[in-house]
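Every number in this text was worked out from the coordinates using simple rules, so none of it is lab data. As the structure is a computational prediction, the values presented were derived from the model and not from experiment. Here the Cβ positions follow ideal geometry from the backbone for every residue, glycine too, while neighbour counts run over all protein chains shown.
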């Protein structure tokens, strides 16, 4: 719990130091995301709906329904999984959450989800969503969107520093992503 407070305070401080319009998050390698996640799954997006609730906790929310293809960690209680995320746009109602991943009907994804009192959220925001695409050669690749996210990591001295540019884990063969998930499961603390 102490590390969570430390990271939260660091993120709060860094939010002032880095560009606005982006959410600052701790860079999470796939193995670490796997260990921290309560649920890791491959799924296909069935529908994306935005709902508006006047006076609600989440006045504008995006509700994404998935068809579960494979559960890699944790348990999905049904072959259909529903994820409600804050923010969205419909008509004149709009709420933008920097770093929150977006979804499109029909896309295949690998999700790393953490359970919160309000439901599941992607681990590390957009870092917790990989979109799977198939190349003309038939090779499946997995890529994560890092739009509106500023990432930080610990340098060799333990100091948090801004991470520039893409990470090799931002776009990789799907098989390599799944192998990294497997390694994360084998490391201490991998199975929650």
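Of note:
- In terms of surrounding Cβ atoms within a 10 Å radius of their Cβ, 78, 150, 126, 102 rank from fewest to most as 78, 102, 126, 150.
- The ratio of the alpha-carbon radius of gyration of region 33-192 to the globular-protein estimate 2.2 N^0.38 Å is 1.08.
- Fewest-first ranking of 146, 34, using other Cβ atoms within 10 Å as the exposure measure: 146, 34
- Exposure proxy ranking for 187, 144, 51, 42, based on other Cβ atoms within 10 angstrom of each Cβ and starting from the fewest, stands as 187, 51, 42, 144.
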